[in-house]
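Step one of this worksheet: look at the structure below.
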């Protein structure tokens, strides 16, 4: 999907950089190599993008201008696609494992806004600093969410768990990842990463207090991503 965006907008000055968040680089590498992209495609095994840019779910996008300034902070980023995934068809298939069917049924209720997002992105590419969707630094900070003690400790806990995982102490990593979940419960990248390493379908296990299906049910699938705030950033 992002390759299509890059093909359309790169001639107009946009470069797309995709970053996969995965403690196991090989798990992400296969998806990248399946369709070799023409844009930089990185793997962040330490989840530093979470910590530095405030990413709490994927896909998220951050807009950075030609001067290296962030003009939109991390927010849900969905490119348009010709053929939306048919979640319901897979969810109703008896050949799909039950846990995955539950996940797919919930995923079918997730709200995305690809048309709105791409409209804003195209406007920014065309108009640059004068785009009504480009934010000044004060608004970027205001819309970046909380960066307090709890978030800082959650990042440290996640990093410690990752260190233990890489050091071969996979038995000790979940303790710190559970604490990261507690400290920053809205960070789905921390939760999904831990759940995936415990179970490929992110289902319930003895290692964690919850799982993807249970946590999404608590908030409602329609609230899984916050609505895009595309209100004008400043007078143009």
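Return one number: the angle in degrees, 0 to 90 and rounded to the nearest 10, between the long axis of the Cα atoms of helix 188-198 and the longest principal axis of the Cα atoms of the chain.
40
Given contacts defined as C-alpha pairs under 8 Å and at least six residues apart, what's the relative contact order of region 149-222, whole-number percent? Intermediate values should be presented prior to the final figure.
On the way: 68 pairs, mean separation 16.5, N = 74.
Reported relative contact order: 22 percent.
Using only the Cα atoms of region 110-167, what do you get for the radius of gyration and for Dmax, in Å?
Calculated on Cα positions, Rg and Dmax stand at 17.8, 49 Å.
Kindly work out what percent of the DSSP beta bridges joining two residues of region 10-154 are antiparallel, to the nearest 5. Show your work: numbers first, answer last.
Values: 4 of 8 bridges.
Of all bridge pairs located within region 10-154, approximately 50 percent are antiparallel.
Per the Kirkwood treatment, what hydrodynamic radius in Å, one decimal, follows for region 102-236 from the mean inverse distance over all distinct Cα pairs?
17.3
Express in nm, to one decimal, how much length is gained between residue 111 and residue 82 on full extension, taking 0.36 nm for each residue of separation and deducting their alpha carbon distance. Don't skip to the answer; put the middle values down first.
Working: separation 29, 0.36 × 29 = 10.44 nm, distance 1.73 nm.
Here the answer is 8.7 nm.
Normalise the Cα radius of gyration of region 149-222 by 2.2 N^0.38 Å (N = residues in it) and let me know the number. Before the final figure, lay out the partial values.
Details: Rg = 12.0 Å, N = 74, 2.2 N^0.38 = 11.3 Å.
Against the empirical 2.2 N^0.38 Å value, I get 1.06 for region 149-222.
Would you mind ranking 132, 191 by Cβ crowding within 10 Å, fewest neighbours first? Each step should come with its number before you reach the end.
Working: 132 16, 191 24.
With the sparsest Cβ surroundings first, the list reads 132, 191.
Run the numbers for residue 69 and residue 126: contour at 0.36 nm per residue of separation, minus the present Cα-Cα distance, in nm.
Values: separation 57, 0.36 × 57 = 20.52 nm, distance 1.73 nm.
Using 0.36 nm per residue and subtracting the Cα-Cα distance, I get 18.8 nm.
Could you compute the FRET efficiency for residue 196 and residue 147, with r as their C-beta to C-beta distance and R0 at 30 Å, rounded to 0.05?
Working: r = 26 Å, r/R0 = 0.85.
E(calc), rounded to 0.05, equals 0.75.
Which length gain, in nm to one decimal place, applies between residue 34 and residue 218 when the Cα-Cα distance is subtracted from 0.36 nm times their residue separation? Spell out each step's value before the answer.
Values: separation 184, 0.36 × 184 = 66.24 nm, distance 3.48 nm.
Using 0.36 nm per residue and subtracting the Cα-Cα distance, I get 62.8 nm.
For the chain, set up a GNM with springs between Cα atoms under 10 Å and report which of 67, 166, 92 has the largest fluctuation.
67
For helix 149-166, report the angle its Cα long axis makes with the longest principal axis of the Cα atoms of the chain; keep it between 0 and 90° and round to the nearest 10°.
60
Run the Debye formula on the Cα coordinates of region 1-57, all scatterers equal and no solvent, and tell me log10 I(q)/I(0) at q = 0.14, 0.24, 0.31 1/Å.
-0.43, -0.99, -1.16
What is the log10 of I(q)/I(0) for region 74-154, computed with the Debye formula using one identical point scatterer on each Cα and no solvent, at q = 0.13, 0.15, 0.19, 0.21 Å⁻¹?
Values returned for q = 0.13, 0.15, 0.19, 0.21 Å⁻¹ are -0.70, -0.81, -0.92, -0.98.
Could you state the number of Å between the C-alpha centres of region 123-168 and region 1-59?
Result: 15 Å between the Cα centres.
For a label point 7 angstrom out from the Cα of residue 186 toward its Cβ, which stretches of region 123-158 have the backbone nitrogen within less than 16 Å?
Backbone N within reach: 140-155.
Taking just the alpha-carbon atoms of region 1-104, what radius of gyration and Dmax come out, in angstrom?
So, for region 1-104, Rg and Dmax equal 16.2, 52 Å respectively.
Note down the nm distance, to one decimal, between modelled labels 7 Å out along Cα→Cβ at residue 48 and at residue 206.
Label at residue 48, label at residue 206, 3.7 nm between them.
Using 10 Å bins from zero, what percent of all Cα-Cα pairs in the chain falls into each bin?
Histogramming the chain at 10 Å steps yields 7, 28, 36, 23, 6, 0 percent.
Could you state the angle between the C-alpha long axis of helix 173-183 and the longest principal axis of the C-alpha atoms of the chain, as a value from 0 to 90 degrees rounded to the nearest 10?
50
Bear in mind these aren't lab numbers, they're just calculated from the coordinates by the rules spelled out. All values reported here derive from a predicted model rather than from experimental measurement. Don't worry about glycine lacking a Cβ; one is built from the backbone with ideal geometry, like all the others, and counts go over all protein chains shown.
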